[in-house]
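Take a look at the structure set out below.
The values are calculated or read from the model by the stated rules, or taken from the named source; none is laboratory data. Computed from a predicted structure; not experimentally measured. Cβ atoms come from the backbone with ideal geometry, glycine included; neighbour counts cover every protein chain shown.
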Amino acid sequence: MDDSVWERLGKEPRQGLSARRIVRAAIELADADGLAAVSMARVAERLGFTTMSLYRHVRSKDELLLLVVDTLAEPPASLAEPFDGWRAGMERWCREHLTVLRRHPWVLQIQALTPPNTPNQLAWMDHGLRVLEDTPLPADDRMSVLLLCTGFVVGQARFATEVSAEAERAYGVELARSVDAERYPALRRVVDAGTFGAGGVDEEHDFTFGLARLMDGVEQLVRQQV
């Protein structure tokens, strides 16, 4: 994709259509009805224009979705703020990433199709790598840590999106009913301890716990470099 698409995204006339307004309308549609609701025709209808008029600003639906991803990936101002050590910086980086994915979970369906290659996605990666430059880790390890953190955040967001609270509760009830203590003794003890309670999985606890253990591992790696 040529660089002109990003230039078009930055221009917004006072009236009429623009790439930025088209992208905002697409995001609003996806937030309301899911990614499947986004089409050039639906976006045009939402904006009060003909479908063909959109193509003067956005060449295709694929280009529109790429612009959507880039728009949602705009790094928040907090990522540029000072941080107290690399660990605090990476924890903030991960939490800000999760916030975006929780707010617009449907974007996971688009991100799975292509590697991060838009200006804002690259800027987000750059923020994380700059945090890790505060460690003695070599460049390859810094990139591996960033990929590990990204995978953790995406996995947490995907689980929260794909597994409903009702399904979690139903799973707990089924385990309590069917897990045999003789065949699965360790699992039975966990079930009896109330781990799969009526309230379902505590997403915030699981994220905080997992992030802390992930950072513990990176910290150990950092110490090995000293």
Could you count how many residues in segment 98-130 are within 14 Å of Val68 (Cβ to Cβ) and either of a type in the set (Lys, Arg) or in a helix (DSSP H, G or I) (or both)?
-> 11
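Step by step: first the residues of segment 115-140, then only those that are polar (S, T, N, Q) and touching a residue at least 24 places away in the same chain (Cβ under 8 Å), then the one that is farthest from Gly151 (Cα to Cα). Which residue is that?
Thr135
Where residues in segment 193-226 are assigned to a loop (DSSP other than H, G, I, E, B) and among the hydrophobic types (A, V, I, L, M, F, W, C), which of them is nearest to Asp141 (Cα to Cα)? Spell out how you get there, then give the answer.
From segment 193-226, those assigned to a loop (DSSP other than H, G, I, E, B) are 193-202, 226; that's our starting set.
Going one step further and asking which of them are among the hydrophobic types (A, V, I, L, M, F, W, C), we end up with 193, 196, 198, 201, 226.
Details: Ala193: 39, Phe196: 36, Ala198: 41, Val201: 32, Val226: 14 Å.
Per the criteria, the residue is Val226.
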Quick check: is even one residue across segment 44-57 within 21 Å of Glu74 (Cα to Cα) and modelled with pLDDT of 95 or more?
-> no
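Taking the condition of being part of a loop (DSSP other than H, G, I, E, B), over 15 Å from the mean Cα position of the chain (by Cα) and free of Cβ contacts under 8 Å to residues at least 40 places away in the same chain, how many residues in segment 60-85 meet it? Even if it seems obvious, please write down each step before you answer.
Kept after step one, since they are part of a loop (DSSP other than H, G, I, E, B), are these residues of segment 60-85: 60, 73-76, 81-84.
Applying the additional criterion that residues be over 15 Å from the mean Cα position of the chain (by Cα) yields 60, 81-84.
From what's left, free of Cβ contacts under 8 Å to residues at least 40 places away in the same chain: 60, 81-82, 84.
Result for segment 60-85: 4.
Here's the yes/no breakdown for (1) touching a helix residue (DSSP H, G or I) at 6+ places or on another chain (Cβ under 7 Å); (2) polar (S, T, N, Q); (3) closer than 30 Å to Arg87 by Cα; (4) in contact (Cβ under 8 Å) with a residue 12 or more places away in the chain:
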site: Ala170; (1), (2), (3), (4): no, no, no, no
site: Arg177; (1), (2), (3), (4): no, no, no, no
site: Tyr184; (1), (2), (3), (4): no, no, no, no
site: Arg189; (1), (2), (3), (4): no, no, no, no
site: Phe196; (1), (2), (3), (4): yes, no, no, yes
site: His205; (1), (2), (3), (4): no, no, yes, no
site: Met215; (1), (2), (3), (4): yes, no, yes, yes
site: Glu219; (1), (2), (3), (4): yes, no, yes, yes
Residue, surrounded by the fewest Cβ atoms within 10 Å (Cβ to Cβ), within segment 112-136, restricted to residues that are in contact with a Phe, Trp or Tyr (Cβ under 9 Å, 6 or more places away or on another chain) and more than 20 Å from Pro82 (Cβ to Cβ) = Pro119
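Which one is modelled with the lowest pLDDT among residues in segment 158-170 that are hydrophobic (A, V, I, L, M, F, W, C) and surrounded by 14 or more Cβ atoms within 10 Å (Cβ to Cβ)? Working first, answer last.
Just the residues of segment 158-170 that are hydrophobic (A, V, I, L, M, F, W, C), to begin with: 159-160, 163, 165, 167, 170.
Those left that are additionally surrounded by 14 or more Cβ atoms within 10 Å (Cβ to Cβ): 159-160, 163.
On the way: Phe159: 85, Ala160: 81, Val163: 77.
Ranking the qualifying residues of segment 158-170, first place goes to Val163.
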Condition met for Pro82 (within 20 Å of Val154 (Cα to Cα) and not charged (D, E, K, R)) | no
For the subset of segment 26-52 comprising residues that are closer than 17 Å to Thr71 by Cα and of a type in the set (Val, Ile, Thr), which member is surrounded by the fewest Cβ atoms within 10 Å (Cβ to Cβ)?
-> Ile27
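Just one of Val190, Val145 is closer than 21 Å to Thr208 by Cβ, in a helix (DSSP H, G or I) and more than 22 Å from the chain's Cα centre (by Cα); which is it?
Details: Val145 fails: more than 22 Å from the chain's Cα centre (by Cα).
So the residue among Val190, Val145 that is closer than 21 Å to Thr208 by Cβ, in a helix (DSSP H, G or I) and more than 22 Å from the chain's Cα centre (by Cα) is Val190.
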Among (1) modelled with pLDDT of 85 or more; (2) of a type in the set (Gly, Ala, Ser); (3) farther than 22 Å from Trp106 by Cβ, which single condition is Gly155 missing?
-> (3)
